[in-house]
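Peer 1: So that we are looking at the same thing, I have put the structure below in structure tokens.
The values are calculated or read from the model by the stated rules, or taken from the named source; none is laboratory data. Computed from a predicted model, the values in this text were never measured in an experiment. Note: ideal-geometry Cβ built from the backbone for every residue, glycine included; neighbour counts use all protein chains shown. Areas reflect the complete protein model, heavy atoms only, side chains present, ligands, DNA and RNA absent. Shrake-Rupley method; radii C 1.70, N 1.55, O 1.52, S 1.80 Å.
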Amino acid sequence: MTALIAAPPSAPARLPLGTEERTFIARSMRHTVRNVESLLMAVVLPVMLMLLFVYVFGTAISPDGQYVTYVVPGIILLCAGFGASSTGVDVANDSATGFMDRLRTMPVRSSAVITGHVVASLARNLAATAIVIGVALAIGFRPTATVGEWVAAIALVALYILTITYLFAAIGLASGNPEAANGYGFILLFLPYLSSAFVPTETLPNWLRGVAEHQPITPVIESIRGLLTGVESGNAPLVAVAWCVGIIVAAVAWSTIMFRRKAGRR
Amino acid sequence: MTTAIDVQGVTKSFGRQAVLAGIDLRVTRGTVFALLGPNGAGKTTLVNILSTLVQADGGSARIEGADLRRDPVGVRRRIRLTGQSAAVDELLTGAENLRMMGSLAGLRAIANRRRTAELLQQFGLTDAADKPVKAYSGGMRRRLDIALSLVTVPQVLFLDEPTTGLDLRSRLELWDVIRSLRAEGTTILLTTQYLEEADQLADRIGVLRQGRIVAEGTPTELKQSVGGEVVEVRGSDGRVLHEVPTDGSVHALRAALDAIDARGLTGTVGLRRPSLDDVFLALTEPDAEPNGHSDPRTDTGADALVTTGRNHR
């Protein structure tokens with residue numbers, strides 16, 4: 001092996017703004033496309049669940065055959081949860097393999113690696129949402145939304161995806177290994193079942209109703225339902241946005257602390 | 001002789017456990033310095049501190065003039081670290097890994113492609129360039145790992161146990177890489193548990209034990225520090241039966257031969273230079289004093305180092 005470092009290119013003193021973000025977003029998008037398992041998990045599982053709920057439980061829950069219209073907003077959130085959960089694993093993996101430590105010893109904004117994972121999750125989940133809505137339309141979902149309402153609904157879904165992705169990223173950093181991140185993430189995936197996603201909260205026993213009505217997923221679902229199918233949703237959109245923004249702020253702060261604390265510890 | 005790495009009194013504790021108990025170290029620009037020590041001696045902690053990953057509790061250090069505490073970003077501009085586990089992206093190909101590091105170093109697309117191709121070739125990875133790293137062998141991963149640190153060439157390269165877990169062939173290949181880097185002027189600080197590795201690669205060696213540098217010098221100096229020559233007795237099967245270190249004087253040699261007689265050993269007697277194994281064992285055995293080790297079974301003097309029945313290269 002000769003002339004290993006012959007004529008090495010010289011690096012600029014300062015990186016152009018956004019170089020790290022662009023690099024890591026490209027990286028995470030490649031991961032998304034190559035990680036077939038999590039891609040399947042993000043799309044196929046919610047579609048299967050939707051078919052299960054509509055065709056197996058649907059008639060029992062709602063004999064008029066319109067259960068699909070009720071359940072689609074819940075399925076969209078469930079889908080976002082599955083799709084975002086792999087972010088926790090990805091982040092934990094970067095931490096466990098030493099990839100993050102390598103970045104920390106370089107003159108770059110290393111925390112941008114999280115941004116890369118988050119943006120990829122957003123793209124992946126919006127695509128999965130589109131597929132879920134497509135399948136839903138094919139099996140009888142009949143939204144009444146105007147273009148404006150569609151835009152608002154999609155914006156809210158995007159906000160929810162960001163929220164849960166940042167939360168998973170923080171969990172991934174805190175847990176430090178992919179298996180643990182996966183385990184903790186499972187708890188979050190359970191939340192939609194304890195909300196108005198599949199049945200109206202009025203039908204739940206009192207104590208469970210308290211949980212369901214005061215957790216962040218119910219107002220998000222109610223808002224999307226309101227926007228897409230014209231059901232009265234009251235102040236749900238405000239509550240939903242407040243929850244999401246609050247959780248994002250907390251999760252970003254938590255990630256920042258964890259990101260610093262984990263330096264050099266594997 | 002310009003100092004590339006200058007470490008003064010660096011200390012670090014995790015909880016109540018002192019991991020580094022005051023490290024002083026100087027590495028001359030363009031040389032290879034090996035930190036040699038058993039597991040848990042504090043090698044990785046020191047490398048992590050010098051590469052800005054972990055903050056020292058006390059002391060100071062400069063890397064090519066940049067102060068670790070006051071100018072960590074300046075330090076990062078001057079160094080690269082290849083850590084213990086291969087920190088490569090498994091889902092990307094080798095070429096993509098290199099190009100990613102190239103963009104992070106601010107290389108423009110054309111320069112980035114050219115540099116990637118160069119490094120792939122120089123590290124023998126051209127054929128595997130477009131395969132995902134998942135499919136790489138341990139040796140290939142390690143080579144890529146080091147190549148990733150060389151996309152732009154750092155003034156100082158830290159290698160934390162670069163050959164641990166590699167087979168012999170991969171180890172020898174990596175040694176070649178390290179030698180060529182040194183030949184081209186990069187200062188290298190590497191950690192290793194392998195004496196042979198330190199002996200082969202390093203200009204100077206620091207032996208780290210329980211958070212202290214207990215000996216420092218060139219490989220030759222360290223070998224001399226344990227005594228002049230070692231008298232060894234080999235059985236008819238060539239196995240080393242007994243070893244007695246001497247200071248090289250006639251008197252000590254006679255005493256050594258008397259000691260061998262007194263033990264009733266028969267076999268062929270030979271003289272050899274002490275190996276780094278002798279140094280290492282003398283300095284890193286838990287009950288050893290930093291300046292020597294005496295074996296109560298012999299009577300060749302208090303500062304002698306005696307080992308029995310081990311095979312030496």
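Peer 1: Tally the residues that are facing another protein chain (nearest Cβ under 8 Å) and open to solvent by less than 20 Å² (accessible area, probe 1.4 Å), restricting the search to region A:19-30.
Peer 2: Counting residues in region A:19-30 that are facing another protein chain (nearest Cβ under 8 Å) and open to solvent by less than 20 Å² (accessible area, probe 1.4 Å) gives 4.
Peer 1: Select from region A:137-147 the residues that are touching a residue at least 40 places away in the same chain (Cβ under 8 Å) and either open to solvent by 60 Å² or more (accessible area, probe 1.4 Å) or touching a Lys or Arg at 6+ places or on another chain (Cβ under 7 Å) (or both) and list them in ascending order.
Peer 2: Selection gives A:142, A:144.
Peer 1: Does residue B:35 qualify as being closer than 21 Å to residue B:193 by Cβ, more than 10 Å from every other protein chain (Cβ to nearest Cβ) and touching a helix residue (DSSP H, G or I) at 6+ places or on another chain (Cβ under 7 Å)? Even if it seems obvious, please write down each step before you answer.
Peer 2: Working: closer than 21 Å to residue B:193 by Cβ: yes; more than 10 Å from every other protein chain (Cβ to nearest Cβ): yes; touching a helix residue (DSSP H, G or I) at 6+ places or on another chain (Cβ under 7 Å): yes.
Yes.
Peer 1: Follow-up. Within region A:13-93, which helices (runs of 4 or more DSSP H) (wholly inside it) include 2 or more residues that are among the acidic types (Asp, Glu)?
Peer 2: Of the helices (runs of 4 or more DSSP H) lying wholly inside region A:13-93, those with at least 2 residues that are among the acidic types (Asp, Glu) span A:19-34.
Peer 1: Within region B:71-93, identify whether any single residue is more than 9 Å from chain A (Cβ to nearest Cβ) and open to solvent by less than 20 Å² (accessible area, probe 1.4 Å), and answer yes or no.
Peer 2: yes
Peer 1: I've got another one for you. Which count do you get for residues in region B:13-33 that are over 18 Å from residue B:62 (Cα atoms) and in contact with a strand residue (DSSP E or B) (Cβ under 9 Å, 6 or more places away or on another chain)?
Peer 2: So the count comes out to 4.
Peer 1: Then there's this: Just checking: which of the strands (runs of 3 or more DSSP E) contained wholly in region B:150-211 hold 3 or more residues that are of a type in the set (Ser, Thr, Tyr) and away from every other protein chain (no Cβ under 12 Å)?
Peer 2: So the answer is B:187-192.
Peer 1: Select, from B:151, B:177, the only residue that is in the same structural domain as residue B:125 (by TED's automatic domain parsing), modelled with pLDDT under 90 and of a type outside the set (Lys, Arg).
Peer 2: Exactly one residue qualifies, and that residue is B:177.
Residue by residue, here is whether (1) open to solvent by 10 Å² or more (accessible area, probe 1.4 Å); (2) touching a residue at least 40 places away in the same chain (Cβ under 8 Å); (3) of a type in the set (Phe, Trp, Tyr) holds:
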site	(1), (2), (3)
B:162	no, yes, no
B:169	yes, no, no
B:174	no, no, no
B:180	yes, no, no
B:184	yes, no, no
B:192	no, yes, no
B:196	yes, yes, no
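Peer 1: Let me ask you something else. So in region B:114-149, with the set limited to residues that are aliphatic (A, V, I, L, M) and touching a residue at least 60 places away in the same chain (Cβ under 8 Å), which one is farthest from the other protein chains (Cβ to nearest Cβ)?
Peer 2: B:146
Peer 1: Turning to a different aspect of this structure: In region B:225-235, how many are part of a loop (DSSP other than H, G, I, E, B) and either at pLDDT 80 or above or outside the structural domain of residue B:273 (by TED's automatic domain parsing) (or both)?
Peer 2: 1
Peer 1: So, of the residues in region A:213-264 that are hydroxyl-bearing (Ser, Thr, Tyr) and assigned to a helix (DSSP H, G or I), which turns out to be most open to solvent (accessible area, probe 1.4 Å)? So that I can check it myself, show each step before the final result.
Peer 2: Of all residues in region A:213-264, those hydroxyl-bearing (Ser, Thr, Tyr) come to A:218, A:223, A:229, A:233, A:255-256.
Checking which are assigned to a helix (DSSP H, G or I) leaves us with A:218, A:223, A:229, A:255-256.
Details: A:218: 12, A:223: 1, A:229: 27, A:255: 12, A:256: 60 Å².
Taking the candidates together, the pick is A:256.
Peer 1: Hey, any hits in region A:148-171 for a residue that's of a type in the set (Asp, Glu) and either open to solvent by less than 40 Å² (accessible area, probe 1.4 Å) or in contact (Cβ under 8 Å) with a residue 40 or more places away in the chain (or both)? First the steps, then the outcome.
Peer 2: Initial filter on region A:148-171 (of a type in the set (Asp, Glu)): A:149.
Remaining after also requiring either open to solvent by less than 40 Å² (accessible area, probe 1.4 Å) or in contact (Cβ under 8 Å) with a residue 40 or more places away in the chain (or both): A:149.
Yes, because at least one residue in region A:148-171 is of a type in the set (Asp, Glu) and either open to solvent by less than 40 Å² (accessible area, probe 1.4 Å) or in contact (Cβ under 8 Å) with a residue 40 or more places away in the chain (or both).
Peer 1: Tally up the residues in region B:257-306 that are modelled with pLDDT of 50 or more, open to solvent by less than 60 Å² (accessible area, probe 1.4 Å), in contact with a strand residue (DSSP E or B) (Cβ under 8 Å, 6 or more places away or on another chain) and of a type outside the set (Ser, Thr, Tyr), please.
Peer 2: Of the residues in region B:257-306, 13 are modelled with pLDDT of 50 or more, open to solvent by less than 60 Å² (accessible area, probe 1.4 Å), in contact with a strand residue (DSSP E or B) (Cβ under 8 Å, 6 or more places away or on another chain) and of a type outside the set (Ser, Thr, Tyr).
Peer 1: Moving on. Take residue B:45 and decide whether it is of a type in the set (S, T, N, Q) and closer than 30 Å to residue A:29 by Cβ.
Peer 2: No; evaluated as a whole, the condition is false for this residue.
Peer 1: Tell me which of these residue B:68 doesn't satisfy, since it passes every other one: (1) within 11 Å of chain A (Cβ to nearest Cβ); (2) under 18 Å from residue A:110 (Cβ atoms); (3) over 20 Å from the mean Cα position of the chain (by Cα).
Peer 2: Of everything listed in (1) within 11 Å of chain A (Cβ to nearest Cβ); (2) under 18 Å from residue A:110 (Cβ atoms); (3) over 20 Å from the mean Cα position of the chain (by Cα), residue B:68 misses just condition (1).
Peer 1: Oh, and also: Looking at region A:91-109 only, could you name the residues that are of a type outside the set (A, V, I, L, M, F, W, C), more than 8 Å from every other protein chain (Cβ to nearest Cβ) and open to solvent by 20 Å² or more (accessible area, probe 1.4 Å)?
Peer 2: Restricting attention to region A:91-109, the residues satisfying the condition of being of a type outside the set (A, V, I, L, M, F, W, C) are A:93-95, A:97-98, A:101-102, A:104-105, A:107, A:109.
Add one more test, that the residue is more than 8 Å from every other protein chain (Cβ to nearest Cβ), and what stays is A:93-95, A:109.
Once the filter is applied, which keeps residues that are of a type outside the set (A, V, I, L, M, F, W, C), more than 8 Å from every other protein chain (Cβ to nearest Cβ) and open to solvent by 20 Å² or more (accessible area, probe 1.4 Å), region A:91-109 yields A:93, A:109.
Peer 1: Here is a follow-up. Within region A:177-191, is even one residue within 14 Å of chain B (Cβ to nearest Cβ), touching a residue at least 60 places away in the same chain (Cβ under 8 Å) and not hydroxyl-bearing (Ser, Thr, Tyr)?
Peer 2: Taking every residue of region A:177-191 in turn, at least one turns out to be within 14 Å of chain B (Cβ to nearest Cβ), touching a residue at least 60 places away in the same chain (Cβ under 8 Å) and not hydroxyl-bearing (Ser, Thr, Tyr).
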